[in-house]
Amino acid sequence: MWDEIDRIDWDASQHNGGSDVDIPGLLRACRGGTDAVDAARMLDDALYHQGGWVCSAATAALPYLVAVACDEGSPVRVGVLDLIDGLAHESTTVDEQFVDTAWPAALRTALPRLMGLLDDPDLGVRRGATVLARYLDGSERAAVLLSRLEKEPDDALRLDVVIGLGELIAAHPGSAPDVRSILNRLFEGDDLQARFAALRALTDADALRPGDHVDVAADALLAADVKRWEGADSGGVRGRIALIAGALFPEAAPGSRFARLLYAGAADPDARLLALGTAATVAAHWRSPTDDLLPMLGDALSDGDARIRGAALRLIAGLGPEAETLREPVTALLDTDSDTNAGHALRFLARLEDEGVVPIVADRLRRGDHPFGEIAADVALAPLGDWAPRLTPALREGLSIADGTCHAALCRTVIAWNERAASAAPELVAALDGADFPLVVARALGVLGPAAVAASAQLAERADAAGHDRLVAAWAHWRVTGDPSIATRVLGGALQSPMDGSTAAEFLADLGPTGTEHATTVRDLLADSHPGWERANHAWALWRITGDGEVAAPALGSVLVGLDQAHVAPVHLTAVERLTAMRSTEGLTLATAAIARDERLSWYRNHESIMDDHAVRAAIARWATVVG
């Protein structure tokens, strides 16, 4: 068949590479030799890359990919099987318009030969072939998986097959009536790892409530034979199997119990670390488990392993006021723990607005270079705005020696502290021209207002230059000088720009009625705006310029769609703050429903999401009070 490869019109086929990509040459190279690995990587880039479609070149290449996978002399067989799986998966998930019309038939033709690899001596090849069985019809897939469950010599792959049987039932409920009984027998047996695999499978098949069997997952993960999962496609030791287990318990109560059982049964630091990571995942999604998790976190603070204390401190810092009862043991670690862990402790105490940390924070600020380790300075310092006059001298020292992302974080601290950090203006003025992130420096100067008037000439020059930063420079020039001429000209001129229009409207809003000459343009743009930042910024600009709440408030309220279902984005917080300023009740019912939910109201699911949740809930509470 390799003699026929050059008869294909490869120039007419589509793929992710340029015209210089030699698809047939790469396929040949994958058969063996010193270039095989590089060729397989380049082929993956050309045919798959990041997915999103199945190109015609992939269809043409499929028979040759199968040939490479079946060639025991090729060193890239497993990678090629992964590539075929990636393409096949995309064909089932993207819209059919993005799948080459000949691909489905080509895959059906290829599958019988690929299933012939199920008995290959190479474990990786058998695993790849087993994964590809998911693209068979239900009865064929059932036959393959049941055969592998009986014949497969590798323990890890057999466990993975058990999970695959659950996916089979979910996708093809009537294809193999005996599969469910097999899974039930495994779940009721004495083999703990097989019980766990069957738990996952029966959950996928919607055949039991996983929350009633949290102990099975915890016991399996803590058992010595958890290493049997080593190398399994869907598992791996502890950390990877925990991902499977955690997915079984997405709800608050079972998720919290799973984390606590792991911690209570952990016999070594790695297991405790895993338990704390699981607790962090639960706390990042739900509010209600916090009280149940606090004793575990408190216990971890006295652990002899710095990693355990650090994991606990990081989560406690995210919880902030929710972990108020741990203030004393956290404070005790400020002088005794590692620099990184002490940084987490400082962040927690700063969130509690604990005045006792002000001298320590000042000492760290003088370092300039990442004073809080992995924690961005503005995240750690924003809550300490009331002590900005005491901290700003140290902040100025930090600004004078910091650079890169650290300097930008210190500038964002100035933004958070606003005029209370006015004495830092000289350092910001000096940094404007050479800054790695001039946008954030210019915004900080604008926030300081007249205290930063020394930057007016630099800002005026930047406002008249090309580039996105001209908008913030124009706004900042108005803020520091009080002269709106440059701002109204630059911002007004950018309103209809597809790239800059929304940002221009946001800055123009700050000028209020001074921007009246652009009111009609803003109104027209609002009428045609897309939901999200574009609508939020144009609605805000219209209200600030004209005071017309009858049009602006409903438009801004419409941005909140999804908030009551905990589908939260940063624009929701901004919209709530702006509706509060407008004293409008548009969307308030929806927002009130949101804060009644147990889910975190956040756009991420990590430690930071807890802080986001606090900010959104506090903003909605203020809104209800203002209009109440």
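The values are calculated or read from the model by the stated rules, or taken from the named source; none is laboratory data. This is a predicted model, so every value here is computed, not measured. Cβ atoms come from the backbone with ideal geometry, glycine included; neighbour counts cover every protein chain shown. These accessible areas exclude ligands, DNA and RNA; they are computed on the full protein's heavy atoms, side chains included. Shrake-Rupley method; radii C 1.70, N 1.55, O 1.52, S 1.80 Å.
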Out of all the residues in segment 328-338, is one or more surrounded by 15 or more Cβ atoms within 10 Å (Cβ to Cβ), touching a residue at least 40 places away in the same chain (Cβ under 8 Å) and within 27 Å of TYR604 (Cβ to Cβ)?
no
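Can you confirm whether segment 159-166 contains a residue that is under 32 Å from the mean Cα position of the chain (by Cα), over 26 Å from ASP212 (Cβ atoms) and not in a loop (DSSP other than H, G, I, E, B)?
Scanning segment 159-166 turns up no residue that is under 32 Å from the mean Cα position of the chain (by Cα), over 26 Å from ASP212 (Cβ atoms) and not in a loop (DSSP other than H, G, I, E, B).
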Scanning segment 505-554 residue by residue, those in contact with a Phe, Trp or Tyr (Cβ under 9 Å, 6 or more places away or on another chain) and farther than 22 Å from HIS468 by Cα turn out to be THR514, GLY549, VAL551, ALA552, ALA553
Residue pairs within 9 Å by beta carbon, gap of at least six or interchain, first lying in segment 1-29 and farther than 16 Å from SER56 by Cβ, second among the β-branched types (Val, Ile, Thr) and surrounded by 16 or more Cβ atoms within 10 Å (Cβ to Cβ), listed first then second, are ARG28/ILE5
Only residues that are closer than 21 Å to THR278 by Cβ and surrounded by 20 or more Cβ atoms within 10 Å (Cβ to Cβ): list them for segment 202-212, please.
THR203, ASP204, PRO210
Examine segment 308-325 for a residue that is touching a Pro at 6+ places or on another chain (Cβ under 9 Å) and more than 26 Å from ALA394 (Cβ to Cβ), and state whether such a residue exists.
yes
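Residue-wise test of (1) farther than 29 Å from LEU590 by Cα; (2) in contact with a Lys or Arg (Cβ under 8 Å, 6 or more places away or on another chain); (3) modelled with pLDDT under 95.
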{"site": "THR503", "(1), (2), (3)": "no, no, no"}
{"site": "ASP510", "(1), (2), (3)": "no, yes, no"}
{"site": "GLU517", "(1), (2), (3)": "yes, no, no"}
{"site": "THR521", "(1), (2), (3)": "yes, no, no"}
{"site": "LEU526", "(1), (2), (3)": "no, yes, no"}
{"site": "PRO531", "(1), (2), (3)": "no, no, yes"}
Name every residue in segment 87-126 that is assigned to a helix (DSSP H, G or I), among the aliphatic types (A, V, I, L, M) and buried (at least 17 other Cβ atoms within 10 Å of the Cβ), in order of residue number.
LEU87, ALA88, ALA106, LEU107, ALA110, LEU111, LEU114, MET115, LEU117, LEU118, VAL125
So for segment 181-199 (the condition being in contact (Cβ under 8 Å) with a residue 40 or more places away in the chain and open to solvent by less than 20 Å² (accessible area, probe 1.4 Å)), does at least one residue qualify?
yes
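Restrict the check to segment 304-322 and report whether at least one residue is part of a helix (DSSP H, G or I), surrounded by fewer than 17 Cβ atoms within 10 Å (Cβ to Cβ) and of a type in the set (A, V, I, L, M).
The answer is yes, given that some residue of segment 304-322 is part of a helix (DSSP H, G or I), surrounded by fewer than 17 Cβ atoms within 10 Å (Cβ to Cβ) and of a type in the set (A, V, I, L, M).
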Only residues that are part of a loop (DSSP other than H, G, I, E, B) and basic (Lys, Arg): list them for segment 558-602, please.
ARG583, ARG597, ARG600
SER288 being assigned to a loop (DSSP other than H, G, I, E, B) and touching an Asp or Glu at 6+ places or on another chain (Cβ under 7 Å)
yes
Check on LEU495, touching a Leu at 6+ places or on another chain (Cβ under 6 Å) and among the hydrophobic types (A, V, I, L, M, F, W, C):
no
Taking segment 536-554 as the region of interest, how many residues are buried (at least 21 other Cβ atoms within 10 Å of the Cβ) and over 19 Å from ALA594 (Cβ atoms)?
10
Considering only segment 53-62, I want to know if a residue exists there that is open to solvent by 20 Å² or more (accessible area, probe 1.4 Å), assigned to a loop (DSSP other than H, G, I, E, B) and without any contact (Cβ under 8 Å) to a residue 40 or more places away in the chain.
no
All but one of (1) in a helix (DSSP H, G or I); (2) at pLDDT 95 or above; (3) within 26 Å of the chain's Cα centre (by Cα) hold for THR281; state the number of the condition that does not hold.
(2)
Among THR580, THR589, THR574, which is open to solvent by 60 Å² or more (accessible area, probe 1.4 Å) and of a type in the set (S, T, N, Q)?
THR589
Single residue of segment 1-30 satisfying the filter (assigned to a loop (DSSP other than H, G, I, E, B) and over 38 Å from the mean Cα position of the chain (by Cα)) that is surrounded by the most Cβ atoms within 10 Å (Cβ to Cβ)
ILE8
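Which one of these is closer than 30 Å to LEU65 by Cβ and touching a residue at least 60 places away in the same chain (Cβ under 8 Å): ALA176, ALA170, ALA156?
Only one candidate passes the filter, namely ALA156.
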Go through (1) farther than 20 Å from LEU315 by Cα; (2) open to solvent by less than 50 Å² (accessible area, probe 1.4 Å); (3) among the charged types (D, E, K, R) for ARG272 and report which single condition fails.
(1)
